[in-house]
1. Every residue in the range 27-58 that is more than 19 Å from residue 112 (Cα to Cα), in contact with a strand residue (DSSP E or B) (Cβ under 6 Å, 6 or more places away or on another chain) and in a strand (DSSP E or B), please.
2. Would you call residue 109 exposed (fewer than 15 other Cβ atoms within 10 Å of the Cβ), at pLDDT 80 or above and within 24 Å of residue 10 (Cβ to Cβ)?
3. Taking the range 114-126 on its own, how many of its residues are surrounded by 15 or more Cβ atoms within 10 Å (Cβ to Cβ) and either in contact (Cβ under 8 Å) with a residue 24 or more places away in the chain or not in a helix (DSSP H, G or I) (or both)?
4. For the condition modelled with pLDDT of 85 or more, under 30 Å from residue 49 (Cα atoms), touching a strand residue (DSSP E or B) at 6+ places or on another chain (Cβ under 8 Å) and in a strand (DSSP E or B), what is the one hit in 70, 146?
5. Somewhere in the range 72-81, is a residue over 30 Å from residue 133 (Cβ atoms) and exposed (fewer than 13 other Cβ atoms within 10 Å of the Cβ)?
């Protein structure tokens, strides 16, 4: 059984930005022009074992551990009631993971809020008819980068697995 922790949006955002790694687990549009993302925290699993497929990699990977979601990791649900655009990029071909573009400005770590970005520049050239100003958000996952343009921030919930109680 899963349940959402009771906390305000700022606390949930702070918890999301405090984790080191996340994986995108689900992306859906529950209604037209709404976006729901489910991401799961991941950690370096020191009890995990990496078995390289090639013997010549064994020495290189001797002290390596997998980054994965394990028991105790948090799950986060982000929901934008309306969006203008979103873009999902496979993380290996993405750019700007470390914030290397000097002409962009953002705050946040895992969920970034941009005040100036190439994505916003693209949208201003390629789209029109926005009734309200749009904001650029970027979710930095280990497996994908998701750029979202919306006129309001996401609603964020922290979801935890409930403790399994023994059947009596």
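The values are calculated or read from the model by the stated rules, or taken from the named source; none is laboratory data. Keep in mind that what you see is a predicted model, and the values were worked out from it rather than measured. Positions of Cβ are generated from backbone atoms using ideal geometry, with glycine treated the same way; all protein chains shown enter the neighbour counts.
1. Scanning the range 27-58 gives 28, 44.
2. Numbers: exposed (fewer than 15 other Cβ atoms within 10 Å of the Cβ): yes; at pLDDT 80 or above: yes; within 24 Å of residue 10 (Cβ to Cβ): yes.
So residue 109 passes the test.
3. Quick first cut of the range 114-126, residues surrounded by 15 or more Cβ atoms within 10 Å (Cβ to Cβ) only: 114, 117-120, 122-123.
Among the residues that remain, those that are also either in contact (Cβ under 8 Å) with a residue 24 or more places away in the chain or not in a helix (DSSP H, G or I) (or both) are: 114, 117, 119-120, 123.
Here the count works out to 5.
4. On the way: 70 fails: in a strand (DSSP E or B).
Just a single option satisfies the conditions, and that option is 146.
5. Step one: list which residues in the range 72-81 are over 30 Å from residue 133 (Cβ atoms), which gives 72-75.
From the residues that got through so far, the ones that are exposed (fewer than 13 other Cβ atoms within 10 Å of the Cβ) too are 72.
Yes: the range 72-81 contains one or more residues that are over 30 Å from residue 133 (Cβ atoms) and exposed (fewer than 13 other Cβ atoms within 10 Å of the Cβ).
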